Amino acid sequence: MNEIIIQISLRSFTVAAGSYDVFVIAKEPTPEKAPKNAPAPKASFLKQTVVVPDFWNGDLSTSSVKDAMDAHDKALGAAKQSGGTKSSY
């Protein structure tokens, strides 16, 4: 039986208020001894713009991450009502 190993590296970042492009990359692991002429590991990436509010201005606000989560929840609720597929974060 083939053993599948999955490694997930999570990184957080601290930034000043503003708009940022965040890139998330996923790649197949590279074997220690790849066969000769083996194809390159598959990889994929996602670009997401994140808006970080100025939390130090005395006003309460939310970030675009919260807005995106709310939009996802709303779409998920509509899909559940119409008998659509399940999804999760």
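The values are calculated or read from the model by the stated rules, or taken from the named source; none is laboratory data. What you are looking at is a predicted structure, and each value in this text was computed from that prediction instead of being measured. Here the Cβ positions follow ideal geometry from the backbone for every residue, glycine too, while neighbour counts run over all protein chains shown.
What's the total number of residues in segment 19-39 that are farther than 30 Å from Asp54 by Cα and acidic (Asp, Glu)?
Initially, segment 19-39 is screened for residues farther than 30 Å from Asp54 by Cα, giving 26-39.
Narrowing further to those that are acidic (Asp, Glu): 28, 32.
The total comes to 2.
In the set Phe45, Phe13, only one residue is aromatic (Phe, Trp, Tyr) and modelled with pLDDT under 85; that residue is Phe13.
Being modelled with pLDDT of 75 or more, among the polar types (S, T, N, Q) and either closer than 19 Å to Leu10 by Cβ or loosely packed, with under 11 Cβ neighbours inside 10 Å (or both): is that true of Ser63 here?
Values: modelled with pLDDT of 75 or more: no; among the polar types (S, T, N, Q): yes; either closer than 19 Å to Leu10 by Cβ or loosely packed, with under 11 Cβ neighbours inside 10 Å (or both): yes.
So Ser63 does not fit the description; no.
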